[in-house]
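Structure first, commentary second.
The values are calculated or read from the model by the stated rules, or taken from the named source; none is laboratory data. Quick caveat, the model's predicted, so the values are computed rather than measured. Cβ: placed from backbone, ideal geometry, glycine included. Neighbour counts: every protein chain shown. Surface accessibility is based on the protein's heavy atoms, side chains included, excluding ligands, DNA and RNA. Shrake-Rupley method; radii C 1.70, N 1.55, O 1.52, S 1.80 Å.
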Amino acid sequence: MCPCRTARLQFHMELEDRDFINTPPMKTVRFGGNVVNTLAKFEKGDTSDYELLKHQLTDPDIKDGQIINWLQEFRNCVTQLTKDHEQLVYVVLRLPWLGRSTAVVEEYLAFLSNLVSAQTVYLRSCLKMVVSNFTPGRAVIREGDVDISDSDDDDENLPRNFELCHQALQVIGRYVPFTSRFLMPILSENFPFVQKSSRTLECYVHNLLRVTVYFPVLRKEVLELVIGRMLKLDASAPRSDIEEMEENSAQQAERDGEQDECLFDMDEDEGPEAKASGTAGVGTMAHPVADRLDTLMGVLLSYIKDACHVNGCLELDRTKELYRDLVSAFDKLVLPTHASSHVQYALFYFCSFRLGLAEAFLEHLWKIMQSPTQPAILRQAVAGYIGSFLARAKFLPVATVRACLDLLVPWLHRYIDGQDSGAKGFCDVALHGPFYTACQTVFYTLIFRHRAILEGSMRQGLAYLQSLNLERIVMCRLNPLKVCLPAVTNMFAAITRKYQLVFCYTIIERNNRLMLPTVRSSQGGSSTPTNTNPLDSFFPFDPYLLKRSGKFIEPLYQVWEEPGLQTDGVVGMTPGSYESHLHSPRSVGSPPIAFLQRPF
């Protein structure tokens, strides 16, 4: 080996073995005096060395040895870095410490600890500096006359950089006990715009949730922040738009495949790498907003799993604490958001860990549902959650479903007792909205769960269904069949007729004749009702459409199974929010690449 190269290698080995905290500064090329003298001159009005110092600190080609020298000098005079030297401190904080040697990182963290201990006025600045590194660096790509700037996906140091950022926050928190109070507003302010790339959002949300591991006091606020931003994405990607774009994308892919087959058959010449690259985008959503939401749902569901399990075993105390925070975010953000499609599945997934969690969640919903002090619109939304959860959660046993029906159905009978013979005993959504939504919840639950109730012992199952006295609910003057969604009404009527529980078709036909007002199609034809969803109903746990994060939900989800019933005028209608979902959700895509390579 060349003697010069051997000397260089020996020098680098010595550099890595040095104790930079206790050894003198390294010799480096610099201009001007040391930091102490520069600050002294600045106090006397001589700013030449001061400006030269700032200029040297911002040198893009600054070396590790220079950074270490400067940081050690600043540590020795940290008590002099008062508010008068704010600009200088900002320059020091912006030194490129990430991606540098271990010695630079250690020296920088030591400087941070000294600075926040001696000058708490710089606490916010230090926190902002760390949080600003929660996303990948920006790579500028020029296309024509336009600069496209977004996250740099090629940075192999990201996992290490993120780990160092969390170390920095923990160092600051160790020296300043009230760090978390100042950190939360900064985390909120630095949240990337939802239009940013999936990569940028994924990194920031992952790091945001990592903060709750060592600052558990912030978890409730962090979850509310993350869920709130995800709801914005969810609202911007309606279910119908996602389905339409996925269908168009599948058709386009099919046409492209047919064209390729017509031209050449290159399979024999292609290696396995080429074939794999052709399927690389299988898990990507065609809807760009849905694709970003898919990424964030994967991060959130992974966090929920890791937060509740230790070595694969459920940790009850940690799970209970997370339950309280998730339910708080649900009440505050998710429940008031109408027609969200996916974010609510965070609680769905969480409740699958243990039956007690699911029952606690249902009990929480039931308390809101039956409370007359809650707004009617909120009670109606809660009823939709109860029905959809009972119908779709595969992990709920029949005993839990029956227990919920034993709460809902008697409540309906008591409501009828109080209203059916009074002055308000007529069909009016504005007056009886919670009642109608509770009726639809019972109907919807029975549509999905009647088979499970009847399994084992048909006689006992039928006796239980007969004991619910559904005929009284259907025949009452409040006329719930007139208000419920037609898909639910028709399927419920078919099932109850099959088992001779109640005959609904006479009422349905009468309601269809009396449905006013009506409008006539511009092309002629029969009249159609102006509103087939007067309750503005939606079922929160309709099929999950996101491909990559769907791997968490699919094993837990009860898909619709066609019962083979024929309704009067409606064949095989399947209840859903606005359309029929005749089949199970689309197959979920491949899992995302865990580029951060570590759990929370």
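Taking the alpha carbon gyration tensor of the range 386-452, multiplying each eigenvalue by 5 and rooting it gives semi-axes of 27, 12, 8 Å, largest first. In this simple spin-label model, placing a label point 7 Å from the Cα along the Cα-to-Cβ direction at both residue 79 and residue 37 gives a separation of 2.2 nm.
Taking the protein heavy atoms of the range 367-446 in the context of the full set of protein chains, the accessible area attributed to carbon and sulfur is 60 percent at 1.4 Å. For the peptides 84-97, 160-173, residues were scored by their other Cβ atoms within 10 Å and the scores averaged per peptide; the highest-first order is 160-173, 84-97. Here the label points at residue 58 and residue 451, each 7 Å from Cα along the C-beta direction, are separated by 7.0 nm in the simple model. The residues of the range 430-491 present an accessible area of 35 Å² per residue when probed at 1.4 Å with all protein chains retained. Computed from the C-beta positions of residue 241 and residue 364, the FRET efficiency with R₀ = 35 Å rounds to 0.65.
Each part reduced to its alpha carbon centroid, the range 51-90 and the range 395-409 end up 66 Å apart.
For the peptides 37-43, 219-225, the ranking by mean Cβ contacts within 10 Å, running from highest to lowest, is 219-225, 37-43. In this structure, the amide hydrogen of residue 309, modeled 1.01 Å from its nitrogen in the peptide plane, lies closer than 5 angstrom to those of 315, counting only residues at least 5 positions away or on a different chain. When a 1.4 Å probe is rolled over the protein heavy atoms, the share of accessible surface on the range 31-127 that falls to carbon and sulfur comes to 49 percent. Divide the volume of the convex hull around the Cα atoms of the range 300-381 by the residue count and you get 89 Å³ per residue. Among 70-76, 50-56, 537-543, sorting by the average number of other beta carbon atoms lying within 10 angstrom of each residue, highest first, gives 537-543, 70-76, 50-56. Estimated from the Cβ-Cβ distance and a Förster radius of 30 angstrom, the FRET efficiency linking residue 217 and residue 110 is about 0.70. Using Cβ point charges alone (K and R +1, D and E -1), the dipole size of the range 40-98 about the Cα centre works out to roughly 140 debye. Each residue, residue 128 and residue 317, gets one label point 7 Å from its Cα in the Cβ direction; the gap between the two is 3.9 nm. Figure note: 348, 426 ranked by solvent-accessible area, largest first, 1.4 Å probe, ligands and nucleic acids not counted: 426, 348.
By the scheme Lys and Arg +1, Asp and Glu -1, what is the net charge of all other residues having a beta-carbon under 15 Å from that of residue 462? Value of the local net charge: +4.
Residue 41 sits among other residues whose Cβ lies under 14 Å from its own Cβ, and their net charge, with Lys and Arg +1 and Asp and Glu -1, is -3.
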